[in-house]
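Contents: one structure, followed by commentary.
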Amino acid sequence: MAERADFEVMLDGEAQDLRALSGRGVSTEYFHIWGGVDHYLDCQNDYFSFNSIYFEGEDDENLIWQISYELVSLFNGATNLFYRDARPLSIHRILLNGQQLNWREPMLPLSLLQRPAIYQYKWNEEMKKALQVSARFGLMILATENEDVYMLLKQFELDNSWVGYYRLMETIDSHARIKGITIGEDRKERESFTFTANNYSLTGFDSRHGFKDKVKSSKQPIMQVDQAHSFISNMCKSYLQKAYPNYLRFA
């Protein structure tokens, strides 16, 4: 059976970001990134890779591909929570003991990755190291076994548009009600977001009101899509901090 270190998932992405994440001097086995150095020429390069504790003991090539797709998806979702226009991470190829695995298409995930076969103390250690590198890594770990974090990261990865942001707001509201959490967002800002989202993405040209009626009835200020990202991102961070206070602190 293969070990984690036998695998190398080669990445395409924002080299500056990957260099910063891989150069912290600490890493988590959930998403261990390395690279950015040409040891032969003794200089930097833009080639980065990762492997994961989820590869441990696995020899099913398709499963390795699907785990890799899922981890990259969660990383991209966590990144989009903070940066709307971030370049997404993608998989270039996967190597097993230096040999390239056959390309596999992504499949729809059937369930959460769930916690790997590790003791609680090891999980605590991995979470601590992850948060030392980036809050994004901590979110990824939480998303492997908590449906609310998983849904939020997945939605941030899938759609950075008015429709996507409105869906995120509804998802945050739903989970906040379940957990009895008060988000504490600005009421006027929420009204502006909802008004703009409803008019520009949900009703659109299906509205029964004409241009003049729309102008006369519009009382709310229009929110730009970058402002919408900031509003939803702040809502999400507020929810996550209150849902997972032992792990998450956002500035």
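The values are calculated or read from the model by the stated rules, or taken from the named source; none is laboratory data. Note that the structure is predicted; figures quoted are calculated from it, not measured. Positions of Cβ are generated from backbone atoms using ideal geometry, with glycine treated the same way; all protein chains shown enter the neighbour counts. The accessibility values were calculated without ligands, DNA or RNA, using every heavy atom of the protein model including side chains. Shrake-Rupley method; radii C 1.70, N 1.55, O 1.52, S 1.80 Å.
One residue is enough: does segment 128-142 have a residue meeting the conditions part of a helix (DSSP H, G or I), out of contact with any Gly (no Cβ under 7 Å at 6 or more places or on another chain), buried (at least 18 other Cβ atoms within 10 Å of the Cβ) and not assigned by the TED database to the domain that holds residue 75? No: segment 128-142 contains no residue that is part of a helix (DSSP H, G or I), out of contact with any Gly (no Cβ under 7 Å at 6 or more places or on another chain), buried (at least 18 other Cβ atoms within 10 Å of the Cβ) and not assigned by the TED database to the domain that holds residue 75.
Go through segment 56-100 and report how many residues are in a strand (DSSP E or B) and over 30 Å from residue 237 (Cβ atoms). Final tally of qualifying residues: 7. I'm trying to understand the selection: among the residues of segment 174-215, which are modelled with pLDDT of 85 or more, open to solvent by 60 Å² or more (accessible area, probe 1.4 Å) and hydrophobic (A, V, I, L, M, F, W, C)? Result: 178, single match. Mind checking which residues of segment 5-23 are farther than 12 Å from residue 95 by Cβ and of a type in the set (Gly, Ala, Ser)? Passing the criteria: 13, 15, 20, 22, 23.
For residue 229, the criteria (1) at pLDDT 95 or above; (2) open to solvent by 60 Å² or more (accessible area, probe 1.4 Å); (3) assigned to a helix (DSSP H, G or I) hold in every case but one, which is (2).
Which one is farthest from residue 134 (Cα to Cα) among residues in segment 56-94 that are open to solvent by 30 Å² or more (accessible area, probe 1.4 Å) and touching a strand residue (DSSP E or B) at 6+ places or on another chain (Cβ under 6 Å)? Filtering first and then ranking leaves 93.
Please specify each residue of segment 155-191 satisfying the condition of being outside any helix (DSSP H, G or I) and over 21 Å from residue 70 (Cβ atoms).
Initial filter on segment 155-191 (outside any helix (DSSP H, G or I)): 159-161, 180-186.
Selection gives 161, 180, 181, 182, 183, 184, 185, 186.
The residue list 150, 121 contains one member that is free of Cβ contacts under 8 Å to residues at least 60 places away in the same chain and either aromatic (Phe, Trp, Tyr) or part of a strand (DSSP E or B) (or both), which is 121. Against the list (1) within 25 Å of residue 235 (Cβ to Cβ); (2) in a loop (DSSP other than H, G, I, E, B), the condition residue 104 fails is (1).
Which residue is surrounded by the fewest Cβ atoms within 10 Å (Cβ to Cβ), if the candidates are limited to segment 150-166 and must be within 9 Å of the chain's Cα centre (by Cα) and either of a type in the set (A, V, I, L, M) or farther than 26 Å from residue 191 by Cβ (or both)? Selected residue: 154. Looking only at residues of segment 7-55 that are assigned to a helix (DSSP H, G or I) and out of contact with any strand residue (DSSP E or B) (no Cβ under 6 Å at 6 or more places or on another chain), we find that the one that is surrounded by the fewest Cβ atoms within 10 Å (Cβ to Cβ) is 16.
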